[in-house]
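One structure is given here, and the rest of the page talks about it.
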Amino acid sequence: MDFLRKESDNPNFDLWLDELAERAKSGDKLIWSFLYQAIREADSGRLSWGFHKRLLSGIFHVLSRIGDSQSYRLFINYVKSLDRTIPIGALELIGDLIPTFKEVDIDEIISISSLNDPFKSAFGIYALAQVVLEDRIPEDKVEQVKAFLRDYHNPSYFLDHMVERTLEFLERDNSDILAFVEQLAS
């Protein structure tokens, strides 16, 4: 951990993160131990977004590249356990990466969005919006997501525009999009 913390400006840094992701995918327990340690240190504030943003964003990208349920759980548990705010850019990054996971628990994302903590709630909305925009909402959850978004309000993070845009996307006429794509193909 100390090595990567100190060497985050090294030109080989991204290659090292790629290697970490590949080794974690193959089940390397040492790498998984490192990932858990990195998230614990981020959670405790020993790794802060202010001073270690390249390392932390790299760790979250590694988790999203792994994309399995274990990395998803580590990712989500980090957000659920946050007891301090992080920069809005970090919040957006983490939310943007959620759709990259193979399995996304929509009910859990809605649950996080429903929290009284405006910061965690904002993360949930960012994540939910990205899952919607990536068209990853299961058909049986669309009405639940629409109903939730219609009633959502978080004055701390000014998410009204994002919520409106997400609702518009959910309420679009899919036949028009299909016709448009068919026109492009012909």
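Summary table below
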| item | result |
| --- | --- |
| Count of Lys pairs (Cα-Cα under 20 Å; at least 8 positions apart or interchain) in the chain | 8 |
| Linear extension gain, H153 paired with E103, 0.36 nm per residue minus alpha-carbon span | 15.3 nm |
| Cα centroid separation - segment 1-73 against segment 101-120, whole Å | 22 |
| Per-q log10 I(q)/I(0), segment 123-173, q = 0.15, 0.17, 0.29 Å⁻¹ (Debye; single scatterer per alpha-carbon; no solvent) | -0.35, -0.45, -1.29 |
| Accessible surface of the chain [probe 1.4 Å, protein heavy atoms]: carbon and sulfur percent | 51 |
| For the chain, projected area of the alpha-carbon convex hull averaged over all directions, nm² | 12.6 |
| Stretchable slack from E19 to W32, in nm (0.36 nm times residue separation minus alpha-carbon distance) | 3.4 nm |
| Modelled label reach - E171, point 7 Å along Cα→Cβ, segment 109-134 residues with backbone N closer than 20 Å | 125-126, 128-134 |
| Shape box of segment 1-103 [Cα atoms, principal axes, largest first, Å] | 33, 33, 21 |
| Convex hull of Cα atoms in segment 46-129, direction-averaged projection (nm²) | 5.0 |
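The values are calculated or read from the model by the stated rules, or taken from the named source; none is laboratory data. Note that this is a predicted model, so its numbers are computed, not measured. Note: ideal-geometry Cβ built from the backbone for every residue, glycine included; neighbour counts use all protein chains shown. Surface areas here come from the heavy atoms of the whole protein model, side chains and all, with no ligands, DNA or RNA. Shrake-Rupley method; radii C 1.70, N 1.55, O 1.52, S 1.80 Å.
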